[in-house]
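Take a look at the structure set out below.
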Amino acid sequence: MQTHEVFNQAKSLKDFNAAKSPIIPETLTAFGAEARILEVEEIGALAGSAEVIELADIVEENPPILHTHDLQGNRIDTVKYDPAYHRLMTIALENGLAGAAWADEDPNAHLIRAAKFGVWQMTDAGHGCPVSMSYAIAPALRQSPELSAAYGPLLAGRKYEAALRPPLTKNTLTAGMSMTEKQGGSDVRANTTKAERQGDGTYRLIGHKWFTSAPMSDVYLALAQTDAGLSCFLVPRILEDGTLNEMRIMRLKDKLGNHSNASSEIEYHGATAYLVGEEGKGVKTIVEMVNSTRLDCVIGSAAIMRLGVAHATNHVSQREAFGKKLIDQPLMRNVIADLAIEAEGATLASLWLAHLTDLAQAGDTNAALLRRIGLASSKYYVCKRGPEHAAEALECFGGNGYVEDSGMPKIYREAPIYSIWEGSGNVSALDAVRAATRQPETLEALVAELETAVGASEAYDLFLDDLKAKFSHNLANESGARRIVGEMALAIQAMLLLKYGNRAVADAFIDSRLAGNWGTVYGTLSNELNLDPIIERAMPYVN
Ligand SMILES: Cc1cc2nc3c(=O)[nH]c(=O)nc-3n(C[C@H](O)[C@H](O)[C@H](O)COP(=O)(O)OP(=O)(O)OC[C@H]3O[C@@H](n4cnc5c(N)ncnc54)[C@H](O)[C@@H]3O)c2cc1C
């Protein structure tokens, strides 16, 4: 019996180009990388293809499984992944999203990699974790030139090989990070894992790690205590003789999201490790890796904002309620425009930070100072905006947004992680304040950069004057760190939008976020604004 006809249901977003947000090519052009826009669009087409969307669905539904022992009771400490996971990793690495940028001589290598990684993160954030760690390890490893010479070229490889072998016998390596312990995550100096120096110059690690993602990586950077204090070590998963290093995987975490990524608890039972950098300087060494994964958190947050906007605009352009398409309902237009400007500001900030990485690598000290403070403040603010943004994009679907097939619950589950790992919200805000107070030249560089947009918008100028006054007396109070660092991040996004972005987006961003013509939730932009050009920019994904 046919009870009814199905109508007024939106077609899901399929076979789209994930790189189509205009802010991406505009920013690449602004920073001199227009010659490589096509490459970004190619990976965008792949990311939005039906084939890759299906791979992402498969890995979401089939999380990795830990096998601690074989049939005979021997320890094997192996995590098995669905083949779809390995396919996603293969594509990510062959497109240079892991360590390849460090070996790429293009002056925009990190910017291009960031644009591509952001587009690819719109598929499945979980496998992005090992890709990001494999990208991030290189600058930390450089602090031990011999290790860097041996492992660096392999970490820059593009041929993903899932099977474990002695690292130096492989073409391409993946990397993980092993810092967090039960008694202290943000406060890594509380680590209790011990490192004992051996006669041959290697070390033996004994202790545990409460979180170590991607435990099937080839190598890790781990923190452990020596007599000189907390130190950083390179730990291979497989030893030169082909045996498993003494790293036991105790269990995998049952997590809110990031399902395709195995996040494990491990124990080091005398694992062989190589010192990276100097004994006692572990934090200084590993922070070089952490800073690059922090950049990827900002890129990832911006990516899922764009994905939320893409899904939401696709839905509201097709669905009708109360006699009109939802996209033509004035209040829904306000919601979509508000979500879209957040995504544009976040995307521009993330690509600017990657551009600063390129400049800093080339020896530009001002860029390095800007990256230091800009990254800490954006890691705090952009990542903190993610979960609220995801919830609002989900609600644009009404009830269907709460249903798995819409893809929105996955976005909602992924959003908080970027703010938690690699420096949770408070820790990132305090880090930005630390940069400003202990290294005042970072703040001076930032103020000078923010002043380059003065004269383009009266509201921006007023906000900046006020912020500069706050910098002179509000930075010392830790309890106010979120507020002032959030304003710092907003000023950065406004400055970037004025200089490199779309004027209508910049005006709406400044009017709402800087001038205060805004409510406390999305969809509260002022009635005075013309939202049409903003909505038009949010529409390239519509089916
Ligand atoms: C899915 C997942 C994967 C992960 N993968 C890895 C991995 O591969 N390797 C790894 O080493 N770790 C990993 N982590 C751990 C992650 O980095 C830590 O959980 C994070 O750094 C926070 O540490 P914590 O859990 O000990 O929380 P805590 O440090 O106890 O922090 C708890 C809260 O207190 C706040 N806080 C801390 N210090 C201050 C302060 N001074 N003032 C005010 N507030 C403060 C924090 O912002 C946070 O909100 C992973 C975590 C997750 C969820």
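Summary of computed values
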| read-out | value |
| --- | --- |
| Close pairs (9 angstrom Cβ cut-off, 6 or more residues apart or separate chains): at pLDDT 95 or above in the range 209-222, open to solvent by less than 10 Å² (accessible area, probe 1.4 Å) and of a type in the set (Asp, Glu) anywhere | Lys209/Glu181; Trp210/Glu181; Phe211/Glu181; Pro215/Asp77 |
| Those residues of the range 363-380 which are outside any loop (DSSP other than H, G, I, E, B) and either without any contact (Cβ under 8 Å) to a residue 60 or more places away in the chain or touching a Leu at 6+ places or on another chain (Cβ under 7 Å) (or both), in sequence order | Thr365, Ala367, Ala368, Leu370, Arg371, Ile373, Gly374, Leu375, Ser378 |
| Residue selected from the range 100-137 under the condition without any contact (Cβ under 8 Å) to a residue 60 or more places away in the chain and farther than 25 Å from Pro63 by Cα, by the criterion surrounded by the fewest Cβ atoms within 10 Å (Cβ to Cβ) | Glu105 |
| Candidate set from the range 492-543 (those that are at pLDDT below 95 and either in contact with a Phe, Trp or Tyr (Cβ under 8 Å, 6 or more places away or on another chain) or among the β-branched types (Val, Ile, Thr) (or both)); member that is surrounded by the fewest Cβ atoms within 10 Å (Cβ to Cβ) | Thr520 |
| Of all residues in the range 241-265 being part of a strand (DSSP E or B) and touching a Phe, Trp or Tyr at 6+ places or on another chain (Cβ under 9 Å), the one that is farthest from the ligand (Cβ to nearest atom) | Arg248 |
| Contacts under 8 angstrom Cβ, first residue in the range 421-440 being assigned by TED's automatic domain parsing to the domain that holds Ser472 and more than 13 Å from the ligand (Cβ to nearest atom), partner of a type in the set (Gly, Ala, Ser) and open to solvent by 20 Å² or more (accessible area, probe 1.4 Å), 6 or more apart | Thr437/Ala476 |
| Near pairs, Cβ below 9 angstrom, 6+ apart or cross-chain, from the range 389-408 (over 16 Å from Asp57 (Cα atoms)) to any residue that is surrounded by fewer than 16 Cβ atoms within 10 Å (Cβ to Cβ) | Glu392/Val521; Leu394/Tyr402; Glu395/Tyr402; Phe397/Val403; Gly398/Ala321; Asn400/Gln9 |
| Residues being closer than 14 Å to Val298 by Cβ and not in a helix (DSSP H, G or I) - total across the range 420-436 | 3 |
| Qualifying residue in the range 313-331 (condition: open to solvent by 20 Å² or more (accessible area, probe 1.4 Å) and acidic (Asp, Glu)) | yes |
| Which listed residue, of Gly184, Gly176, is at pLDDT below 95 and either open to solvent by less than 20 Å² (accessible area, probe 1.4 Å) or polar (S, T, N, Q) (or both) | Gly184 |
| Matching helices (runs of 4 or more DSSP H) fully within the range 453-543 where at least 1 residues are in contact (Cβ under 8 Å) with a residue 40 or more places away in the chain and of a type in the set (Ser, Thr, Tyr) | 458-473, 481-500 |
| Selection count, the range 424-448, where residues are under 24 Å from the mean Cα position of the chain (by Cα) and open to solvent by 30 Å² or more (accessible area, probe 1.4 Å) | 5 |
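The values are calculated or read from the model by the stated rules, or taken from the named source; none is laboratory data. Since we're looking at a predicted model, the values are computed, not measured. Glycine gets a Cβ as well: all are built from the backbone with ideal geometry, and neighbour counts include every protein chain shown. Please note that ligands, DNA and RNA were not included when accessible areas were found on the heavy atoms of the full protein model with its side chains. Shrake-Rupley method; radii C 1.70, N 1.55, O 1.52, S 1.80 Å.
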